[in-house]
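The block underneath contains the structure these notes are about, expressed in structure tokens.
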Amino acid sequence: MDFLIPFYPWVKAFHIMAVIAWMAGLFYLPRLYVYHTEQVTAGSQTATLFETMELKLLRVIMNPAMMATWGFGLLLILTPGVIDWRGDGWFHAKLLGVTAMTVFHMWLARQRKRLAAGGNTVSGRGYRLMNEVPTLLMVLIVVMVVVKPF
């Protein structure tokens, strides 16, 4: 995998850009769900507008950004010298955080389908609380990558 070494700065740059796009969606989609739940009448023109916005955010921005984040992240892992597999506990904590972020992404996708079908069971307050999940995971991930506490 030595051929990846000269591309390291580019791969890292694209990884960061993908993370930013993914995080933007992870912050915004739950907020859309809050307004959809609290302000929109099922079957209305506004409901159709919200469902379109939620679907496009998920499929056009968030899904590709998540896949790019994982793809470029895997390329970084495969680049020799980036990870010391014997002593880099921070990496395992980061990987756990990114996996949790992916699970949260999938939960949001499932909630979009429930909202569109009229089967939502989460309140606006619940979505407000869920809106904090990506922030907490981001803190964990960034501290692991930058500080590398263990």
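The values are calculated or read from the model by the stated rules, or taken from the named source; none is laboratory data. Just so it is clear, the structure is predicted and the values come from calculations on it, not from any experiment. Glycine gets a Cβ as well: all are built from the backbone with ideal geometry, and neighbour counts include every protein chain shown. Accessible surface is based on the protein model in full, side chains and every heavy atom, while ligands, DNA and RNA are left aside. Shrake-Rupley method; radii C 1.70, N 1.55, O 1.52, S 1.80 Å.
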Query - LEU32 outside any loop (DSSP other than H, G, I, E, B), over 22 Å from VAL143 (Cβ atoms) and touching an Asp or Glu at 6+ places or on another chain (Cβ under 7 Å) - result: yes
Report summary line: Pairs returned, first residue in the range 1-30 that is open to solvent by less than 90 Å² (accessible area, probe 1.4 Å), second residue that is among the charged types (D, E, K, R), beta-carbon separation under 8 angstrom, 6 or more apart or interchain, are LEU29/GLU54; LEU29/ARG112; PRO30/ARG128
Report task. May I ask you to verify whether THR79 is over 19 Å from the mean Cα position of the chain (by Cα), open to solvent by less than 30 Å² (accessible area, probe 1.4 Å) and modelled with pLDDT of 95 or more? Result -> yes
Requested in this report: Output yes when any residue across the range 46-65 is open to solvent by 30 Å² or more (accessible area, probe 1.4 Å), touching a residue at least 12 places away in the same chain (Cβ under 8 Å), closer than 19 Å to ILE16 by Cα and among the hydrophobic types (A, V, I, L, M, F, W, C), and no when none is.
Outcome: yes
Report task. Would you check which residues across the range 97-127 are under 17 Å from GLY25 (Cβ atoms), open to solvent by 30 Å² or more (accessible area, probe 1.4 Å) and charged (D, E, K, R) and list them? Result -> ARG110, LYS113
Query raised in the report: Which condition breaks for LEU140 when tested against (1) touching a Gly at 6+ places or on another chain (Cβ under 7 Å); (2) closer than 26 Å to THR37 by Cβ?
Result: (2)
